[in-house]
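*Asks:* Provided herewith is a single structure, encoded as structure tokens, for subsequent inquiry.
What follows is calculated from the coordinates using simple rules that are stated; it is not laboratory data. Everything numeric here is computed off the predicted structure, so don't read it as measured data. Counting neighbours? That spans all protein chains shown, and the Cβs are built from the backbone with ideal geometry, glycine included.
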Amino acid sequence: MIVCGVDGCPKGWVFALKHGIEIRVGAVKSLKRILSFSDLVVVDIPIGLLHKPRKIGERRTTMRLCDEMIRKIVGTPSSVIPPPTLEMLKERNYRDIKKKYGIGIPKQMYLLFPRIREARELFERFKNTLREGHPEASFTLMKGDKLHSKHTETGILERKKLLERYLVNIRFDDVEVNFKMDDVFDALVLLWTAQRIVLGEAVEFGEGEDVQGIPMIIHA
Amino acid sequence: MLEVVLLIFEPIKVIVAIILSLILFLIAYRKKRRRPKDPQEVKRVIVSYFKRKNWEYRELSHGIFMVKKNMRKILFYVDFKMNFNILKEILYEAFLNNVKDVRILSLERTEDVLEATRRINSNVNVHRTKVILKKLEEFERVLR
């Protein structure tokens, strides 16, 4: 069985895959290449999206129910970036989004628009293989408590120790890294989530599907 | 009286001899036809063909093998049986070894195989060839 955790980054995808007892870390430009041979792939990309912003009291938001739930678990609101709506996803100019919809999207999320489009397109073909995950939610469940920020030295060490404990065969000294280490950590923790899904131990956050039938559920 | 008996039995002997030789020929012909029905032999032919042309040969997992010359790499899988799991292994090896050209030679053409082939076709260049068993030499033509 081949399971995989994938983190979207502006230039492509960082992946951690497990085949037998072997774990490999690398990067690819196309998610399709990984999906073609994997039994399960968990990606850190919002796949199922709201059609229009929803109202919570007086506030309009693009956050889905699953994002709100994850935000409560993780504790740090900045860890959950508001996803775009389906309408916003069509936009090719960052500044137009705020003007047109009255709600801004963080630039970090806008840079991931091509990855979101790619994941959504592939979902139809790989609906049994592709799942949405959230690295920080997985880390929180892994530890059973809130973690320090991933931007601090304590936070990095904490995540590294957790991964070494739960992904038995990973040794960071062996990992040749040509990309950011926090992307590698995220891919690895999503790999752990993928294993949990296979074993039936994963937790699902959120409910329902978007207008195109893609579930708005985050696995951790 | 003896001459008469010989006259009757001589043609019968000839006919019996003809029938026997025909049976022996048919048995030998059937054996010859059956002989190549062995994936290992098919594999040997492919490997020797590429070795003659100075390609490097590497054995991978699940009976998958790779031939390599300079920047060019071809991944092969030869067997009677083929299923979705094997195809995934082939694609995984193609991914790990950065191979774009995959050639699968199998006899069975089940729905599973066709579906898996469709699924992988967009990722790598798959040449799926139905093997002509009675003519092993056909491989050289097929492979080109």
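*Asks:* Given chain A reduced to its alpha-carbon atoms as identical point scatterers, what log10 I(q)/I(0) does the Debye formula return at q = 0.08, 0.11, 0.14 Å⁻¹?
*Replies:* With one equal scatterer per Cα and no solvent, log10 I(q)/I(0) is -0.26, -0.51, -0.84.
*Asks:* While we're looking at this one, here's another question. Report the residue, chosen from A:THR154, A:THR61, A:THR129, that carries the largest GNM mean-square fluctuation when chain A is represented by alpha-carbon nodes joined by springs under 10 Å.
*Replies:* Comparing A:THR154, A:THR61, A:THR129 in a Gaussian network model of chain A, the most mobile one is A:THR154.
*Asks:* In angstroms, what radius of gyration and Dmax does the stretch A:1-56 have, counting Cα atoms only?
*Replies:* Just the Cα atoms of the stretch A:1-56 yield Rg and Dmax of 14.0, 46 Å.
*Asks:* Further question on the same structure: What angle, in degrees between 0 and 90 and rounded to the nearest 10, separates the Cα long axis of helix A:65-74 from the longest principal axis of the Cα atoms of chain A?
*Replies:* With both axes taken from Cα atoms, the answer is about 50 degrees.
*Asks:* What residues qualify as long-range amide H neighbours of B:ASN97, i.e. H under 5 Å apart, gap of 5 or more or another chain, H built at 1.01 Å from N?
*Replies:* Amide H neighbours of B:ASN97, under 5 Å, 5+ apart: none.
*Asks:* Okay, next question. Please check: in the Gaussian network model of chain A (C-alpha springs, under 10 Å), which one of A:HIS134, A:HIS19, A:HIS51 has the largest mean-square fluctuation.
*Replies:* Judging by the Gaussian network model, the answer is A:HIS19.
*Asks:* Taking neighbour counts of Cβ atoms within 10 Å as a proxy for exposure, in what order, fewest first, do B:VAL67, A:VAL43 appear? Kindly include the intermediate steps, with their values, before the conclusion.
*Replies:* Numbers: B:VAL67 22, A:VAL43 29.
Result, fewest neighbours first: B:VAL67, A:VAL43.
*Asks:* Counting only other residues whose beta carbon sits under 9 Å from that of A:VAL14, what net charge do I get with K and R as +1, D and E as -1? Walk me through the numbers before you get to the answer.
*Replies:* Numbers: positive: A:LYS180; negative: A:ASP7, A:ASP183, A:ASP186.
So the environment of A:VAL14 carries a net charge of -2.
*Asks:* Along the stretch A:50-64, what does the Karplus equation 6.51 cos²θ - 1.76 cosθ + 1.60 (θ = phi - 60°) give for ³J(HN,Hα), rounded to whole Hz, x for Gly and Pro?
*Replies:* 5, 6, 10, x, 9, 9, 10, x, 8, 8, 9, 9, 9, 5, 7
*Asks:* Can you tally the net charge around A:ARG196? Count Lys and Arg as +1, Asp and Glu as -1, for every other residue whose Cβ sits under 13 Å from the Cβ of A:ARG196.
*Replies:* Working: positive: A:LYS18, A:ARG131; negative: A:GLU201, A:GLU204.
Net charge in that neighbourhood comes out at 0.
*Asks:* Give a residue-ordered list of calculated ³J(HN,Hα) values for the stretch A:98-105 (Karplus: 6.51 cos²θ - 1.76 cosθ + 1.60, θ = phi - 60°; whole Hz; x for Gly, Pro).
*Replies:* These are the phi-based 3J(HN,Hα) values: 4, 4, 6, 10, x, 10, x, 10 Hz.
*Asks:* Arrange A:TYR94, A:TYR166 by Cβ neighbour counts within 10 Å, fewest through most, would you?
*Replies:* Working: A:TYR94 13, A:TYR166 17.
Starting with the residue having the fewest Cβ neighbours, the order is A:TYR94, A:TYR166.
*Asks:* Can you give me the long-range amide H partners of A:ASP210? Hydrogens built in the peptide plane at 1.01 Å from N, cutoff under 5 Å, separation of 5 or more residues or another chain.
*Replies:* Residues meeting the amide H criterion: A:LEU49, A:MET216.
*Asks:* Given springs between every Cα pair under 10 Å in a Gaussian network model of chain A, which of A:THR76, A:THR152, A:THR193 has the largest fluctuation?
*Replies:* Most flexible of the set in this elastic network: A:THR152.
*Asks:* Averaging sequence separations of C-alpha pairs under 8 Å and six or more residues apart, then dividing by the length of chain A, give the relative contact order as a whole percent.
*Replies:* 30 percent
*Asks:* Given axes a ≥ b ≥ c from the Cα gyration tensor, I'd like to know whether the stretch A:33-113 is rounded (a/c under 1.5), prolate (a/b larger than b/c) or oblate.
*Replies:* Details: a/c = 2.03, a/b = 1.30, b/c = 1.57.
Oblate, since a/c reaches 1.5 and b/c is not below a/b.
*Asks:* Would you order A:MET181, A:MET109, A:MET88 from fewest to most other beta-carbon atoms within 10 Å of each residue's own beta-carbon?
*Replies:* On the way: A:MET181 14, A:MET109 18, A:MET88 23.
Fewest-to-most Cβ neighbours within 10 Å comes out as A:MET181, A:MET109, A:MET88.
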